[in-house]
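See structure below.
We did not get these values from a lab; they are worked out from the coordinates using the rules stated. From a predicted model like this one, the values you see are computed outputs, not experimental measurements. Ideal geometry is used to build each Cβ from the backbone, glycine not excepted, and the neighbour counts take in all protein chains shown.
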Amino acid sequence: MIRDTDYNFIQTQDEEVYKAVMGEEERQAKGLELIPSENYVSRAVREAVGSVFTNKYSEGYPFKRYYGGQMYTDVVETIAIERAKKLFNAKFVNVQPLSGAPANLAIYHALMAPGDTILGMDLSHGGHLTHGNPMTVPAKIFNFVRYKMKDPETGEIDYDALRETALREKPKVILAGFSAYSRELDYKKFVEIAREVGAVTVADMAHIAGLIAGGVARNPFDDGFDVITTTTHKTLRGPRGGMVLIRENEDIAQRVAKAVFPGLQGGPHMNNIAAKAVAFGEALHPNFKVYAGQILKNAKAMEEVFLRENVRMIGGGTSNHLLLVDAFTSFGTTGHVAETILDEVGLTLNKNMIADDTRKPFDPSGIRLGTPAMTTRNMKEKEATEVAELLVDTLRNKDDAAKKAEIHTRVEALCLAHPIPESFI
Ligand SMILES: *Cc1c(COP(=O)(O)O)cnc(C)c1O
């Protein structure tokens, strides 16, 4: 599985790091990755990440740089931009943000002054840390106000309350997007409300960018959103990184460019930008649509098992790649304990807050799981069903060591039968 030439130089010169890399290779090969924000990239993407572009300083933007020697950096950055424009139907794209959090900070910086108000999803209802968790820098600079789900059993957003809050608080930005929410948003409603109060609409699509690119989730631009921020390493299956896309407003695009550099960053990571270009090329390939569609089918297969087994899901089920399970109600165990027990049988996922959770973030009531990584391993509905059944079985027999050993063996067999592919096109 691992060719012995892959890490030759690390092996001969740095045994300590080599051991850790090989350990991680084995962990990824044998374990089933259910964390919905993770994925496996192609060999081509990893070659680009490891390429000589890592040596280059390229402050500025293509054809407007502060250092010389940019004939090839300009080429790859332009390819990344043009491919991203095509994938998401955007007029302007900035591929320099180092990750999702810096991309969000950039857009806040571009669209607001300190003290300005932004309306985003409540964190326990699925919003991301960067949407105003009190511990973060953005929360110290801007005034975050919240909307929520109307009913956690269906997942529908309370659009009436969202509108009332917008009319009262007059936000400069209305933010849609989530990292623990399993339903589609009604982007048109966001846009209507934003127009009423003169706010800019930003969709943080970090989790579902691959579903949008693959044409199986709605593109917020089709409903008039102004800006999309995203990561490139989740469902989009690229290198770690961030990106900002602007539907058509040139003024916003220029403000974003300045906010990213020099506002927040110095030199862009050109090796990652080269890898973004490669990943976007893969996402433009017809196979990617099939991949994105299968992510949804696999999530539905898991939903079916949970419904049958009376497992409580926040939002009542899933319309995307992830499922948020109330472990406390369903299995009488906290999210932290469930995560630990599942790790023991080779199922990796994460504990997560559920709507209006009464427990603490470090030991919340829920677990969050998703299908992007297992789908990359070519697992289909049959395997997704089996994995969901194994998960339920594990949590219902958490004190039965023999049973857990048997489940672990089955998980490993599933993984060995579905090796991580090297190429997708
Ligand atoms: C993952 C995520 C981010 C942050 O991305 P990082 O690359 O971890 O900084 C931002 N927003 C949402 C909605 C996310 O899911």
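Table for the structure above
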| quantity | calculated |
| --- | --- |
| The stretch 269-331 and the stretch 186-234: distance between their alpha carbon centers, rounded to Å | 18 Å |
| Residue-by-residue Karplus 3J(HN,Hα) for the stretch 398-413, coefficients 6.51, -1.76, 1.60, Hz, glycine and proline x | 5, 9, 9, 4, 5, 4, 5, 5, 5, 5, 4, 4, 5, 5, 5, 5 |
| Overall dimensions of the stretch 294-417 as given by Cα atoms, namely Rg and Dmax in Å | 13.5, 41 |
| Under-5 Å amide H pairs with MET149, H placed in peptide plane, nonlocal only | ASP158 |
| J(HN,Hα) series, the stretch 139-144, from Karplus relation 6.51 cos²θ - 1.76 cosθ + 1.60, nearest Hz, glycine and proline x | 5, 7, 9, 10, 9, 8 |
| Net length gained if the chain between GLU156 and VAL290 were fully extended (0.36 nm per residue, minus Cα distance) | 45.5 nm |
| Size of charge dipole - the stretch 26-178 - debye, nearest 20, with Cβ of Lys, Arg +1 and Asp, Glu -1, no other charges | 500 debye |
| By average C-beta atoms within 10 angstrom, highest first, the peptides 43-56, 228-241, 385-398 | 228-241, 385-398, 43-56 |
| Distant-in-sequence amide H partners of ALA176 (H built 1.01 Å from N, under 5 Å) | VAL202, ALA203, ASP204 |
| Under 20 Å, Cα to Cα: Lys pairs in the stretch 294-417, sequence gap 8 or more or different chains | 7 |
| Rg/Rh ratio calculated on Cα atoms of the chain (Kirkwood radius) | 0.97 |
| Likely footprinting exposure, GLU24, GLU282, fewest C-beta neighbours within 10 Å first | GLU24, GLU282 |
| Length-normalised contact order of the chain in % [C-alpha pairs under 8 Å, at least 6 apart] | 23 percent |
| For the stretch 89-122 and the stretch 333-393, distance of Cα centres in Å | 30 Å |
| For the stretch 49-283, alpha-carbon Rg relative to the globular expectation (2.2 N^0.38 Å, N residues) | 0.99 |
| Extension gain, ASN397 back to TYR7 (0.36 nm per residue minus Cα-Cα distance, nm) | 136.4 nm |
| Derived scalar couplings ³J(HN,Hα) [the stretch 190-195; Karplus, 6.51 cos²θ - 1.76 cosθ + 1.60; whole Hz; x for Gly, Pro] | 4, 5, 4, 5, 4, 5 |
| Dipole moment magnitude, nearest 20 debye, the chain about Cα centre, only Lys, Arg, Asp, Glu C-beta charged | 940 debye |
| Spherically averaged projected area of the stretch 276-364 from its Cα convex hull (nm²) | 7.6 nm² |
